[in-house]
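First the structure, in the form of structure tokens, and then the observations on it.
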Amino acid sequence: MSTTETNGAGQSSVASQVASTNGAKASSAKKGSPVGKAANWADERLGLAGAAKKNLRKVFPDHWSFMLGEIALWSFVVLLITGVFLTLWYRPSMAEVTYTGAYEPMRGLHVSEAFASTVDLSFDVRGGLLMRQMHHWAAMLFIAAMLVHMMRVYFTGAYRKPRELNWVIGVLLLVMGTLEGFTGYSLPDDMLSGTGIRAADGFVKSIPVIGTYASFFLFDGEFPGSAVISRLYTVHVLLLPGLILGLIAAHMLLLVYHKHTQWPGPGRTEQNVVGYPMLPVYAAKAGGFFFIVFGVTALLGGLFTLNPIWAYGPYDPSKVTAGSQPDWYMGWPDGALRIFPGPPLEYSFFGVTLSLNVFIPIILLPTIAILILLALPFVEAWITKDKREHHLLERPRDAPGRTATMVALMTFYGLMWMAGGNDIIAITFDLSINQITYFLRVAVIVGPILAFIITRRWCISLQRKDKEDLLHGYETGIIMRSAQGGFSERHEPLPVGKAYAIAQRDPDRPVELERATDENGVPSPTTRSARLRHRLSAYLHGGGVDTPTRAELEKAHAHAAHEHELEGSGDDRALTARGENTPH
Amino acid sequence: MRLLNRSAGRLTRGRRGPLAGLVVLLLGLLMTGGLYSAFAPSQQAAADQATADDELVAQGRELFLVGCAFCHGKNGEGIETSDGQQLGPVLVGVGAAAVDFQVGTGRMPLAAPGQQGPSKKQAYSDEEREALAAYVASLGPGPAIPSEQDWSLDGLTDEEQEEAVVRGGQIFLTNCTACHNFAGSGGAMPEGGYAPNVRETEEQYVYEALLTGPGQMPSFSDGNLSQTEKRDVIAYLNSVDESPDYGGLTLGSLGPVVDGAVTWVVGIGVLVGFAVWIAAHTTRTDRKKKGEVTT
């Protein structure tokens, strides 16, 4: 930062009409640069300099995990760009036409206009197939990146006060993104997307009481009707993108308002943000990352086939293919549907069928999952009774209960996801699809419980290791031999940054149980919920290791300094003393 | 001219003689008999052929008794185990095509009992396979081994060939993809069974599989799917095989599961790698230009 003074004036300001002085000479108005002139012109008319001055200097902390949300943002931009290209040729109509395009094995077939235009887009429009595949890959990446970003926010505790509502917006974005993906998957009207719509029809119909009405409303009559493609198109290009854009705007505005969270470290507190300014550092980093995301999407679109609709052929309710799966983000409800027991849960009375075997895994389960995600910050705040603002992140190991909860949820998700690909797993690894199903029926229940216990213990062990390193230094791998012939490993104190990261955290303390009765013997009205909270808190937040106190640290440091001194002395007596004092 | 008239006159002199009719009759008989004996297969040849067939069947039976009878029974009557399971199905009436398919693709003889016989290297020589087929065909009438003209598109115009491919595609997507997948990559069946990948399968075996319905596959007999329709399916498979991978690497054409794996492993993997790289390289704000003086 030791830039010269003359440089400093020109560098720091957007406006070019700034007097520059080096302190020795009188100041003189500099002639404005063209950029400065343009900025001045705009500011005189729009008055944006005030806001720009503040926001261009906005500081962002530097960490790779803070860029995961950006992957989602930039894939969404890629989706908008490629999507506009696709709308120029795609025709959302289920009218029957004769295919006469370039793809020979389909020439002369009667297909829907939507399908014909998508095949034309792939074979007769220059660059169309690349755009289609880029759009689809970007969609897959969009949702994947949102999920990864969400995991980062959760595991670091970044959703705590004041960011709970931004977490809620994020969950809504994930839901919208999934729906947007599903509607897009359905538009080409090929065999796979038709199978998907057919399945969706079944899911809607499984909803008790309103199912059939909802299905008839959606399809404007019995499946497949002639309206669903154009309706899905409107939802896909107008309704959902509008909602997603609005939610993204709100997400970003709240990010700016709250300021970004940061990892604990030297000089970092709950009151400040340490990092680099928006301009030029973050503008360059984020802008550059857009081109990387665009490039990776283009490479994927150019190198890997995605949804070869010409091979699937047009949709026809009499046709289906082995390996009919939804895109990955719908894989886990599909898996739940695949392994869910069938016959005992389908009832029929008074001529009405109640398909709980479909309703529970595909409608109820995802709804519960979304509600759990939405509730996570509020439930944690209720359990911990923590009303403070948090701008410093927590490492996953420092909150064992939280980390274990998400790992359990992830295990459930992952096992359900596996079930969604059970047929592909069966043929790839020469397994029996029935055995996979039986295994997973048990594993989706036992797995998360095991994952919770293991993760919690693992986190606490890592805390112990951290404390050990903090107090006694890390193992250098250097073996020292004393004059008496004893061997010991030399320990060095942790680097300052690392020591801060470990020491600068709140110890995870369970909430104390309020007294059940007051001093007059009157029972407390909140006892029951307080007891539940206490029990949850004791399990989720108990058992952790306390951070060392100042006194403990100072003692350990003094001890380490003493040890070094002795090692250097070569004094026989001193070495004996060291041997006695070594804590291991 | 005179000479010609004279000889013709001599030749025809006796045509109205009393023996003329008899001579013509004899001559006719002689010629008919001669022609017959010249063109008709001799008794000996027919006998030779019958002997060869018998020998082939006998040779096939020898092989059958050694390699197949343990499960299928000594006369191909099939064997049921005491608990009602089938050790080997009845082979009476399955025809030569079934043997040609099962033995030619290496499915039979089984290396081990299991849900399904995997295709492997053929265990018998082509002659032995022929003998086995002849023996099984002799047990009862069944479909014969098809020949190339059954599935060849030769003799069709370009337009007709194109139509055959389109028709074959529709038949394939209606009847085959539910188990064999849209690109013929194969799919899972209950209890560890599977519909195999058919992209690399030889035309003859595709035809025979359709004809005989091996394992859990339904049989598409000629009444079900005519010879022309089977031919069209093979033509479609060939055309798909010959066409380029328009969208890039197909990743096994297994559908969205593999695409999801690529998204996470390649897409998210590479992008997170870049994020780490970007975060690790930050601008040096104190870098000075050459010759710059700090005051």
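The values are calculated or read from the model by the stated rules, or taken from the named source; none is laboratory data. Quick caveat, the model's predicted, so the values are computed rather than measured. For neighbour counting, all protein chains shown are included, and Cβ atoms are generated from backbone atoms with ideal geometry for every residue, glycine included.
Among the residues of the range A:297-333, write down those that are within 7 Å of chain B (Cβ to nearest Cβ) and without any contact (Cβ under 8 Å) to a residue 12 or more places away in the chain. A:Leu303, A:Pro308, A:Ala311, A:Ser318 - these are the residues of the range A:297-333 that are within 7 Å of chain B (Cβ to nearest Cβ) and without any contact (Cβ under 8 Å) to a residue 12 or more places away in the chain. Once the range A:119-159 is narrowed to residues that are within 11 Å of another protein chain (Cβ to nearest Cβ) and basic (Lys, Arg), the residue that is farthest from A:Arg505 (Cα to Cα) is A:Arg132.
Please go through the range A:448-486 and give me each residue that is farther than 18 Å from A:Ala560 by Cβ, at pLDDT below 90 and not polar (S, T, N, Q), ordered by number.
Filtering the range A:448-486 for residues farther than 18 Å from A:Ala560 by Cβ gives A:448-464, A:481, A:483-486.
Now narrow it down to the ones that are at pLDDT below 90: A:481, A:483-486.
Result: A:Arg481, A:Ala483, A:Gly485, A:Gly486.
For every residue, the table says whether it meets (1) in contact with a Leu (Cβ under 7 Å, 6 or more places away or on another chain); (2) at pLDDT 85 or above; (3) surrounded by 15 or more Cβ atoms within 10 Å (Cβ to Cβ); (4) not aromatic (Phe, Trp, Tyr).
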{"site": "A:Ala19", "(1), (2), (3), (4)": "no, no, no, yes"}
{"site": "A:Ala29", "(1), (2), (3), (4)": "no, no, no, yes"}
{"site": "A:Pro34", "(1), (2), (3), (4)": "no, yes, no, yes"}
{"site": "A:Asn40", "(1), (2), (3), (4)": "no, yes, yes, yes"}
{"site": "A:Ala51", "(1), (2), (3), (4)": "no, no, no, yes"}
{"site": "A:Met67", "(1), (2), (3), (4)": "no, yes, yes, yes"}
{"site": "A:Ala72", "(1), (2), (3), (4)": "no, yes, yes, yes"}
{"site": "A:Thr82", "(1), (2), (3), (4)": "no, yes, yes, yes"}
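Residues considered: A:Ala551, A:Ala561. Of these, the only one that is loosely packed, with under 13 Cβ neighbours inside 10 Å and modelled with pLDDT of 80 or more is A:Ala551. For the range A:44-66, the condition holds for at least one residue, the condition being that it is away from chain B (no Cβ under 14 Å), farther than 29 Å from A:Val148 by Cβ, within 40 Å of the chain's Cα centre (by Cα) and not in a helix (DSSP H, G or I).
A search for C-beta distances below 8 Å between a residue of the range A:436-448 that is part of a helix (DSSP H, G or I) and any residue that is of a type in the set (D, E, K, R), counting only pairs 6+ apart in sequence or on different chains, returns A:Thr437/A:Arg338. Within this structure, A:Arg490 passes the test of being in contact with a strand residue (DSSP E or B) (Cβ under 6 Å, 6 or more places away or on another chain) and either at pLDDT 85 or above or surrounded by fewer than 18 Cβ atoms within 10 Å (Cβ to Cβ) (or both).
Listed by first and then second residue, the pairs linking a residue in the range A:226-248 that is within 17 Å of A:Ile197 (Cβ to Cβ) to a residue that is part of a helix (DSSP H, G or I) and acidic (Asp, Glu), with Cβ atoms under 9 Å apart and 6 or more places separating them unless they lie on different chains, are A:Val228/A:Asp201; A:Ile229/A:Glu113; A:Val235/A:Glu180; A:His236/A:Glu180; A:Leu240/A:Glu180. Of all the numbered requirements in (1) within 9 Å of chain A (Cβ to nearest Cβ); (2) free of Cβ contacts under 8 Å to residues at least 24 places away in the same chain, B:Leu254 misses one, and that requirement is (2).
Mind listing whichever residues of the range B:202-217 are within 14 Å of chain A (Cβ to nearest Cβ) and either buried (at least 24 other Cβ atoms within 10 Å of the Cβ) or assigned to a strand (DSSP E or B) (or both)?
Step one: list which residues in the range B:202-217 are within 14 Å of chain A (Cβ to nearest Cβ), which gives B:216-217.
Matches in the range B:202-217: none.
So that you can scan it fast, the table gives a plain yes or no per residue for (1) at pLDDT 90 or above; (2) surrounded by 15 or more Cβ atoms within 10 Å (Cβ to Cβ):
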residue	(1), (2)
B:Ser185	yes, yes
B:Val198	yes, yes
B:Glu229	yes, yes
B:Val233	yes, yes
B:Leu249	yes, no
B:Gly269	yes, no
B:Arg284	no, no
B:Lys288	no, no
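For every residue, the table says whether it meets (1) outside any helix (DSSP H, G or I); (2) loosely packed, with under 10 Cβ neighbours inside 10 Å; (3) in contact with a Gly (Cβ under 9 Å, 6 or more places away or on another chain); (4) modelled with pLDDT of 85 or more.
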residue	(1), (2), (3), (4)
B:Arg16	yes, yes, no, no
B:Ala58	no, no, no, yes
B:Val66	no, no, no, yes
B:Lys74	yes, no, no, yes
B:Ser82	yes, yes, no, yes
B:Val92	yes, no, yes, yes
B:Ala96	no, no, yes, yes
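Take the residues in the range A:291-321 that are among the hydroxyl-bearing types (Ser, Thr, Tyr) and under 19 Å from A:Ala139 (Cβ atoms); name whichever of them is modelled with the highest pLDDT.
A:Thr297
If you take the residues in the range A:94-115 that are buried (at least 22 other Cβ atoms within 10 Å of the Cβ) and over 16 Å from A:Pro308 (Cβ atoms), which one is nearest to the other protein chains (Cβ to nearest Cβ)? Checked the range A:94-115; the qualifying residue nearest to the other protein chains (Cβ to nearest Cβ) is A:Ser112. Checking each residue in the range A:398-426 for being over 17 Å from the mean Cα position of the chain (by Cα), farther than 13 Å from A:Pro448 by Cβ and away from chain B (no Cβ under 13 Å) picks out A:Asp398, A:Ala399, A:Pro400, A:Gly401.
The set of residues from the range A:125-170 being in a loop (DSSP other than H, G, I, E, B) and touching a Gly at 6+ places or on another chain (Cβ under 9 Å) comprises just one member, A:Tyr159. Pairs meeting the criteria (first residue in the range A:85-111 and basic (Lys, Arg), second residue part of a loop (DSSP other than H, G, I, E, B), beta carbons under 7 Å, at least 6 apart or on different chains) are A:Arg107/A:Tyr99; A:Arg107/A:Thr100.
Applying the selection to the range B:126-158, what residues are among the aromatic types (Phe, Trp, Tyr) and at positive phi? Passing the criteria: none in range.
Residues of the range B:161-201 that are among the charged types (D, E, K, R), more than 7 Å from every other protein chain (Cβ to nearest Cβ) and touching a residue at least 60 places away in the same chain (Cβ under 8 Å): B:Arg167 alone. Before we move on, is A:Leu431 in contact with a Leu (Cβ under 7 Å, 6 or more places away or on another chain) and either in the same structural domain as A:His260 (by TED's automatic domain parsing) or of a type outside the set (Ser, Thr, Tyr) (or both)? No. Taken over the range A:173-204, the criterion of being in contact with a Gly (Cβ under 8 Å, 6 or more places away or on another chain) and touching a residue at least 24 places away in the same chain (Cβ under 8 Å) is satisfied by A:Phe182, A:Tyr185, A:Ser186, A:Asp190, A:Met191, A:Leu192.
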